[in-house]
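Report on one structure; see the data block that follows.
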Amino acid sequence: MRMSRERIYHLADRIVAELQATEGVALKGGEELRVEVARVLTDETKLEESIDQEVRRTLSSYSRPIIEGSPEWEVLYEKTRDEVFKKRFRL
């Protein structure tokens with residue numbers, strides 16, 4: 001799912017605010033941390049999109065078409081997604 005830039009920065013602000021409100025946590029450079037959290041969220045979003053595209057390509061290559069949203073498609077999507085994730089990260 002693609003998140004808008006505003007959504008990513010909103011989430012980054014919320015994460016940093018929650019960390020600052022946590023007892024026993026001391027943060028330096030709140031703005032720098034917010035930018036880094038936003039960068040990580042952006043990278044994770046891109047990774048998820050890339051995995052989703054690869055899974056959809058794989059499922060569309062099957063000789064028998066599978067209707068997206070059907071229970072069979074959901075099971076195959078999750079299974080294929082797990083395989084792609086393991087292949088990419090050697091888990």
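Checking region 48-59 against the condition returns no match, with no residue being among the small types (Gly, Ala, Ser) and farther than 30 Å from Glu18 by Cα. Restricted to region 49-91, and to residues there that are in a helix (DSSP H, G or I) and of a type in the set (Val, Ile, Thr), the residue that is farthest from Arg2 (Cα to Cα) is Val75.
Please go through region 21-45 and give me each residue that is small (Gly, Ala, Ser) and either surrounded by 10 or more Cβ atoms within 10 Å (Cβ to Cβ) or in contact with a Phe, Trp or Tyr (Cβ under 6 Å, 6 or more places away or on another chain) (or both), ordered by number.
Filtering region 21-45 down to residues small (Gly, Ala, Ser) leaves 21, 24, 26, 29-30, 38.
Passing the criteria: Gly30, Ala38.
Considering only region 11-20, I want to know if a residue exists there that is part of a loop (DSSP other than H, G, I, E, B), among the basic types (Lys, Arg) and exposed (fewer than 14 other Cβ atoms within 10 Å of the Cβ). For region 11-20, residues part of a loop (DSSP other than H, G, I, E, B), among the basic types (Lys, Arg) and exposed (fewer than 14 other Cβ atoms within 10 Å of the Cβ): absent. Which of the residues belonging to region 63-79 are more than 16 Å from the chain's Cα centre (by Cα) and of a type outside the set (D, E, K, R)? Once the filter is applied, which keeps residues that are more than 16 Å from the chain's Cα centre (by Cα) and of a type outside the set (D, E, K, R), region 63-79 yields Ser63, Pro65, Ile66, Ile67, Gly69, Ser70, Pro71, Trp73, Val75, Leu76.
Where a number appears in this text, it was derived from the coordinates with a stated rule and is not lab data. All values reported here derive from a predicted model rather than from experimental measurement. Here the Cβ is made from the backbone with ideal geometry for all residues, glycine too, and neighbour counts use every protein chain on show.
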